[in-house]
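The values are calculated or read from the model by the stated rules, or taken from the named source; none is laboratory data. Only a predicted model underlies this, so the values are computations on that prediction, with no experimental measurement involved. Ideal geometry is used to build each Cβ from the backbone, glycine not excepted, and the neighbour counts take in all protein chains shown. Note: accessible area is taken over every heavy atom of the protein model, side chains too, but ligands, DNA and RNA are not part of it. Shrake-Rupley method; radii C 1.70, N 1.55, O 1.52, S 1.80 Å.
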Amino acid sequence: MKRILLLLVATLCVTLNIFAVDADSVAMKKRRPMAYNGYQGGMMYNIGYVQSREFQFHDNNGLPLGQSNQLRGASMGLGGALRVGFGKYLRVGIEGYVSTLKYKPQGSSAKIGWGGLLLDSHWHIKKFTIFTGGVIGGGSYTHITMIDKGINSVDNDYVVENQYVSYRHYPFLAIVPFVGMEYSLTKRISVVAKIDYMLNVTNWADDYAAGPRFFVGFMFGR
């Protein structure tokens, strides 16, 4: 997922430079209904509350390990988006994020990374911009669980942890509807906040943790 974010940042920088060069010449042309109408790019921090269905770990013999489990808690992460405006209401772009839920035993985590094509509609009300839309693209889920099977003392000096490790990683097709609002600090800088909910439409396993996420960050545009 780090490669996806690096690619997103690189694409963002290149695209912003291209539109910066062309913006003035485009503004001089006669406006068409779907004419280019500026761009935005920036980073956002996300925090959410996610929850999975109940699932059960098994040993190599197929016997259950302890009671059933369920992931539940706060996930946090970072990412960014690039949006290009066309006409008064349409914006098209790309975005990508990572969000991680950490839980006990220490070292256990459920991380989701996703990115894809963004499409939204927006409406201006003075300094505020309300928008709604969605993203369609790819996601990957990585779930690592440290399963503690007891602690044995060795000569009262050292502690040996007898643990199993469960590692699960799988891709899926993601559809992510969202709604949000921006506030213009200047002509080129805005504070943005949004809420989304990721839909895993191809591989929703029992340990997949989903829930609403809240995003806040800054967008820079022209």
Given a Förster distance of 22 Å, the FRET efficiency implied by the Cβ-Cβ spacing of Ile195 and Arg168, rounded to the nearest 0.05, works out to 0.20
Charge sum, other residues only, whose C-beta stays under 13 Å from Leu82's C-beta, Lys/Arg counted +1 and Asp/Glu -1: +1
Once label points are set 7 Å from the Cα along Cα→Cβ at both Tyr183 and Ile130, what is their separation, rounded to one decimal in nm? 1.6
Based on the Cβ-Cβ distance from Arg222 to Lys102, what FRET efficiency comes out when R0 is 45 Å, to the nearest 0.05? 0.75
Using Cα centres only, tell me the gap between the stretch 183-202 and the stretch 62-95 in whole Å. 12
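Among 178-191, 84-97, 59-72, what's the highest-first ranking by average C-beta atoms within 10 angstrom per residue?
84-97, 178-191, 59-72
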So what does Met76 come to for accessible area, using a 1.4 Å probe and Å² rounded to 10? 100
Residues of the stretch 63-143: accessible area per residue with a 1.4 Å probe, Å²: 48
